[in-house]
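These notes concern the structure reproduced below.
The values are calculated or read from the model by the stated rules, or taken from the named source; none is laboratory data. Here the structure is a predicted model, which is why all the values come from computation and not from measurement. Cβ atoms come from the backbone with ideal geometry, glycine included; neighbour counts cover every protein chain shown.
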């Protein structure tokens, strides 16, 4: 009798432990996708806003979108891996989005990356990569043949030149690209990342774009570039009279974004690649409200984490 009771108790405890583990896994899954703003700035060097870079962390995998200046240091500051990411996605080849690309290639290698970096981006990314590897040929030679004994293949990059459509699918993560209008660029991309618990859309650099309404439908988080409509005016420099025209062709104002987000209805709207021209966080948020969006707005700052 006592033996039967012990077996029943042991079975109950094992069942309870199994259920506890399952609940723990479900909780971990529910909290597994986090957006980390590594860089929320634009070309102007601002110590408080690094170059464009956004990490989407799914469990222990890091998916990086754009590689602005200082991206490896920002990964370190965010306590994310500095020895390589699961994959890199480049929205377009503007310098402020790619100046951290060689940093990512070579620093992650020096910090222990052993496998080629998987890099996805528009046509031209292969040419850029080839030239970067050629430019650092002496560095590569010394690090492999010298006393550092770096892994011979760790500096390599597998480039995937992409346009619209599903561009990445592995286990439970799918990344879809959409071509968006960004001034004179032939191909500039937005990305949608679907994970088990969230959908995140990253606009890339784009002017107001109706196609994003369909593309971002049902998204939990919309990470979108922005400039202040109220602060826009010609600049006192040669060619500065075309600044408003440039902004309208290349970027999206806070009021335009508010109108767009009101139709998409994300749970959270995150402003990044912020062209402030002196605007405060409150002014930018007010511009979004003026455009018609009444949901949650996060004016992004470097190293913000959005769940």
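If I go through the range 172-216 residue by residue, how many of them are over 21 Å from residue 248 (Cα atoms) and in a loop (DSSP other than H, G, I, E, B)? Lay out the reasoning, then the answer.
Kept after step one, since they are over 21 Å from residue 248 (Cα atoms), are these residues of the range 172-216: 172-177, 191-201, 214-216.
Pick out the ones that are also in a loop (DSSP other than H, G, I, E, B) and you get 172, 195-198, 216.
So the answer is 6.
Could you list, in sequence order, all residues of the range 253-263 that are under 25 Å from residue 185 (Cβ atoms) and out of contact with any strand residue (DSSP E or B) (no Cβ under 6 Å at 6 or more places or on another chain)?
Of everything in the range 253-263, those that are under 25 Å from residue 185 (Cβ atoms) and out of contact with any strand residue (DSSP E or B) (no Cβ under 6 Å at 6 or more places or on another chain) turn out to be 255, 256, 258, 259, 260, 263.
Provide a single number: the residues in the range 89-113 that are surrounded by 18 or more Cβ atoms within 10 Å (Cβ to Cβ) and either under 15 Å from the mean Cα position of the chain (by Cα) or part of a loop (DSSP other than H, G, I, E, B) (or both).
Summing the residues that are surrounded by 18 or more Cβ atoms within 10 Å (Cβ to Cβ) and either under 15 Å from the mean Cα position of the chain (by Cα) or part of a loop (DSSP other than H, G, I, E, B) (or both) in the range 89-113 gives 13.
Scan the range 152-171 for residues that are out of contact with any helix residue (DSSP H, G or I) (no Cβ under 6 Å at 6 or more places or on another chain), in a loop (DSSP other than H, G, I, E, B) and surrounded by fewer than 15 Cβ atoms within 10 Å (Cβ to Cβ) and jot them down.
Residues of the range 152-171 out of contact with any helix residue (DSSP H, G or I) (no Cβ under 6 Å at 6 or more places or on another chain): 153, 156, 158, 160, 162-171.
Among the residues that remain, those that are also in a loop (DSSP other than H, G, I, E, B) are: 153, 156, 162-164, 171.
Result: 153, 163, 171.
Is it the case that some residue within the range 183-205 is crowded, with 17+ Cβ neighbours inside 10 Å and free of Cβ contacts under 8 Å to residues at least 24 places away in the same chain?
Yes, the range 183-205 has at least one match.
Of everything in the range 290-307, what is part of a helix (DSSP H, G or I) and buried (at least 16 other Cβ atoms within 10 Å of the Cβ)? Give them in sequence order.
If the condition is that a residue be part of a helix (DSSP H, G or I) and buried (at least 16 other Cβ atoms within 10 Å of the Cβ), then 291 is the only one that fits.
For the range 222-256: of the residues being in a helix (DSSP H, G or I) and in contact with a helix residue (DSSP H, G or I) (Cβ under 6 Å, 6 or more places away or on another chain), which is surrounded by the most Cβ atoms within 10 Å (Cβ to Cβ)? So that I can check it myself, show each step before the final result.
Kept after step one, since they are in a helix (DSSP H, G or I), are these residues of the range 222-256: 240-250, 254-256.
From the residues that got through so far, the ones that are in contact with a helix residue (DSSP H, G or I) (Cβ under 6 Å, 6 or more places away or on another chain) too are 254-255.
Values: 254: 29, 255: 21.
The extreme case among them is 254.
In the range 47-61, what count of residues is obtained for those that are surrounded by fewer than 21 Cβ atoms within 10 Å (Cβ to Cβ) and under 16 Å from residue 299 (Cα atoms)?
So the answer is 1.
For residue 64, work out the one condition from (1) in a loop (DSSP other than H, G, I, E, B); (2) closer than 19 Å to residue 118 by Cα it doesn't fulfil.
Unmet for residue 64, out of (1) in a loop (DSSP other than H, G, I, E, B); (2) closer than 19 Å to residue 118 by Cα: (1).
Does the range 7-28 contain any residue that is more than 21 Å from residue 104 (Cβ to Cβ) and modelled with pLDDT of 90 or more?
First pass over the range 7-28, keeping only residues more than 21 Å from residue 104 (Cβ to Cβ): 7-28.
Now narrow it down to the ones that are modelled with pLDDT of 90 or more: none.
Within the range 7-28 (the criterion being more than 21 Å from residue 104 (Cβ to Cβ) and modelled with pLDDT of 90 or more), the answer is no, since none of the residues qualifies.
With 279, 259, 219 as the choices, which residue is assigned to a loop (DSSP other than H, G, I, E, B) and in contact with a helix residue (DSSP H, G or I) (Cβ under 7 Å, 6 or more places away or on another chain)?
None of the others qualify; the one that does is 219.
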